[in-house]
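Input: a single structure, listed below in C-alpha cells.
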Amino acid sequence: MRLDGHIHTGLRGDYTGTSEREKEKLMANLHKAGFDGGVILSADPVKCRGMDPQKRMEDALAVCKGEEYLFPLYWINPLDSDAEDQVQAAADAGFDGFKMICSRYDPGCKESMRVLEKMASLNKPVLFHSGICWDGFNSANHNRPGNFEALIEIPHLRFTLAHVSWPWYDECIAVYGKFLNAHYMRPDLSCEMFIDLTPGTPRGYREEVFRHMVASEYEYRYNLIFGTDSLTTAYNVSWAREWQDRDDALYDKFVREDVEDFKDHVYCRNLMRFLGKSDENPSMKIPMVADSDGDV
C-alpha cells in the first residue's frame with residue numbers, strides 16, 4: 001500500500017470547500033497515481049479567512065468521511081487567541097493530527113510551544129512546513145530547521161519537517177541526527193522527528209539530497225514520509241507518479257539493505273506510525289560521536 005502524506009484542501013483566499021464531485025475525482029486520481037489514500041490538510045487559516053475554524057474542520061472531515069485511508073490534519077495558527085481550544089476541538093472532532101506553517105512566528109515561541117504541548121498531551125502529531133516558504137511573507141528565518149530544536153523540550157511530541165527543509169537540507173539532516181541522539185541522551189523526553197519528503201527540493205537537487213541523507217550513517221528507514229503537495233480540488237497524477245519514479249530509482253541506488261522494506265516504510269508504514277495508527281516500535285541506530293566497537 002502507498003499513501004500520499006501531504007495533500008492540501010484550500011491554499012487560496014477564494015477557497016470555500018471541496019465538493020463531493022471533487023472528492024470523487026480525488027479518489028480516482030489517487031488510485032491512478034498508485035495511492036490508496038493519504039493525509040488531508042485543512043484550509044490555510046491565514047489565507048482562507050472566509051472560513052472560520054469550524055468550517056475548516058467540517059470541510060477536511062467531509063473529504064475524509066467514509067474513506068479508510070484518508071486522514072485529516074487540522075491547520076492551526078498558534079497566534080490565534082483560542083488556539084489551544086481549537087486543538088481540543090479538532091481532536092474531539094476526529095482529526096488525526098495538525099499542520100503548522102511558521103510564517104509570522106518561531107516554532108519555539110511561547111504561543112507555539114503551548115499549542116504543541118497540548119497536541120503532545122493528546123498524542124496527536126504535527127506536520128510543519130520547513131525551509132523557504134512561498135507564503136508571501138518575510139518568513140525564512142522562522143523556518144530554518146535549526147529553530148525546531150526547541151521542540152526537543154516537549155515530551156512525547158511527534159513532528160515532521162516538510163520538504164526536507166529545502167534549501168537547508170544539510171541542516172535538516174543535522175537536526176534529525178540530534179533528535180535521534182536525544183533518545184539516548186534524554187530518554188525521558190522521547191520527542192521524535194520525522195522528515196516529510198514532499199518536493200520542495202528542485203528536480204536537479206533530489207539525488208544530492210538523497211545521497212547525503214539515505215546513504216548517511218543515520219537511520220532513516222523508519223522516519224521518512226512521502227508526499228506530493230497536491231490539492232483535493234485538482235490532484236496532479238503525473239506529478240505524483242513522476243516523483244515516485246524518481247525517488248524509487250534513488251532508493252534502488254542508495255539503500256544498501258532490503259530496499260523494498262525501505263520503500264514500504266517511506267510510502268506507508270512510517271506515516272501510519274506518525275499518525276499513531278501502528279504498533280510498530282522500531283529499534284533505530286543511535287548516532288554517537290566516535291562510537292566504540294568495544295575496544296579498550
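The values are calculated or read from the model by the stated rules, or taken from the named source; none is laboratory data. Because the structure is a prediction, the values reported are computed rather than measured. Note that each Cβ is placed from the backbone with ideal geometry, even for glycine, and that neighbours are counted across all protein chains shown. We work out accessible area using only protein heavy atoms, side chains counted, and drop any ligands, DNA or RNA first. Shrake-Rupley method; radii C 1.70, N 1.55, O 1.52, S 1.80 Å.
So the values come out like this:
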| quantity | calculated |
| --- | --- |
| Under the Debye formula (equal points on every Cα, no solvent term), log10 I(q)/I(0) of segment 1-41 at q = 0.22, 0.30 Å⁻¹ | -0.75, -1.09 |
| Potential lengthening between His183 and Asn281 on full extension [0.36 nm per residue; Cα-Cα distance subtracted] | 33.9 nm |
| DSSP-assigned coil residues among GluC sites (Glu not before Pro) in segment 197-277, each with at most 13 further Cβ atoms within 10 Å | Glu217, Glu257 |
| Apportionment of accessible area to carbon and sulfur, segment 38-147, percent (1.4 Å) | 45 |
| Hypothetical label at Lys47: residues of segment 119-140 whose amide nitrogen lies under 17 Å (7 Å Cα-Cβ projection) | 128-140 |
| For peptides 80-88, 4-12, 230-238, 172-180, sequence by mean Cβ density within 10 Å, most packed first | 4-12, 172-180, 230-238, 80-88 |
| Ellipsoid semi-axes in whole angstrom, largest first, where each is sqrt(5λ) of the Cα gyration tensor of segment 194-245 | 23, 13, 8 |
| Whole-Hz couplings from phi, Karplus 6.51/-1.76/1.60, listed for segment 141-154; x for Gly and Pro | 5, 6, 10, 5, x, x, 5, 7, 4, 4, 5, 5, 8, 9 |
| Size of electric dipole in the chain: Cβ of Lys, Arg +1 and of Asp, Glu -1, about Cα centre, debye, nearest 20 | 680 |
| Unit charges at the beta carbon, dipole of segment 180-296: most positive-side option, Ala182, Ser216, Phe274 | Phe274 |
| Accessible area per residue in Å² at 1.4 Å probe, computed on the chain | 44 |
| Gain in span if fully extended, Trp134 to Glu208, counting 0.36 nm per residue against the direct Cα distance | 24.4 nm |
| Spherically averaged projected area of the chain from its Cα convex hull (nm²) | 15.4 |
| Mean shadow area of segment 141-213, taken as a quarter of the surface of its Cα convex hull (nm²) | 4.7 |
